[in-house]
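Here the structure is laid out as structure tokens; the discussion comes afterwards.
The values are calculated or read from the model by the stated rules, or taken from the named source; none is laboratory data. Every value quoted in this text rests on a predicted model; they were computed, and no experiment measured them. Here the Cβ is made from the backbone with ideal geometry for all residues, glycine too, and neighbour counts use every protein chain on show. Protein only, heavy atoms only, side chains kept; ligands, DNA and RNA dropped before computing areas. Shrake-Rupley method; radii C 1.70, N 1.55, O 1.52, S 1.80 Å.
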Amino acid sequence: MTVKEKKLGSQIGKLIRTDGVIHGGLIEMARECGKSGCKCNSGEKHVSLYLGLTYKGKTRMVYIPDEWEDRVKEWVRRYKDIREVLEELSEINWS
């Protein structure tokens, strides 16, 4: 194992040992609630964050409450970081 491979492996370990990682895409959706007198009836829709993922051939959408948004965004970012490091390791092994 090269020094580069050891460094990348260590980087993956650090990313995995944190408080969470999740695969999915973040999607902002704008909706109308249907309540009379609400601002959304005049065109100003409510914006919510969802985590989207295809799982076992089916697309799933999970609502992310406001208080979880930062945490879930970090988990998604961390998953992407891990994937990038794995791709780099794979390239080394193809060389």
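Just a few scattered comments:
- Between helix 3-16 and the chain: long-axis angle, C-alpha atoms, 0 to 90°, nearest 10: 30
- Subtracting the Cα-Cα distance of T59 and W94 from their residue separation scaled by 0.36 nm leaves 9.3 nm.
- Cβ-defined net charge surrounding E44, 15 Å radius [Lys, Arg +1; Asp, Glu -1]: +2
- Average accessible surface for the chain: 78 Å² per residue, computed with a 1.4 Å probe over protein heavy atoms with every protein chain in place.
- Beyond 24 Å in Cα-Cα separation lie the following of the pairs K14/K56; K7/K80; K35/K58; K45/K73: K14/K56; K35/K58.
- Cβ-defined net charge surrounding G9, 13 Å radius [Lys, Arg +1; Asp, Glu -1]: +3
- Taking the C-alpha atoms only, the angle from helix 69-94 to the longest principal axis of the chain is near 30 degrees.
- Over the chain, DSSP H runs of length four or greater, each weighted -39,500 (n - 2.57), average out per residue to a 222 nm ellipticity of -14500 deg cm²/dmol.
- When each of the peptides 34-42, 85-93 is scored by the mean number of other C-beta atoms lying within 10 Å of its residues, the order from highest to lowest reads 85-93, 34-42.
- Solvent accessible area, Å² - H46, 1.4 Å probe, full protein context: 60
- Under the combined filter of DSSP loop state and at most 15 neighbouring Cβ atoms within 10 Å, region 31-86 retains these GluC sites (Glu not before Pro): E32, E44.
- Computing Rg and the Kirkwood Rh from the Cα coordinates of the chain gives a ratio, Rg/Rh, of 1.19.
- When its C-alpha radius of gyration is set against 2.2 N^0.38 Å (N residues), region 1-57 gives a value of 2.04.
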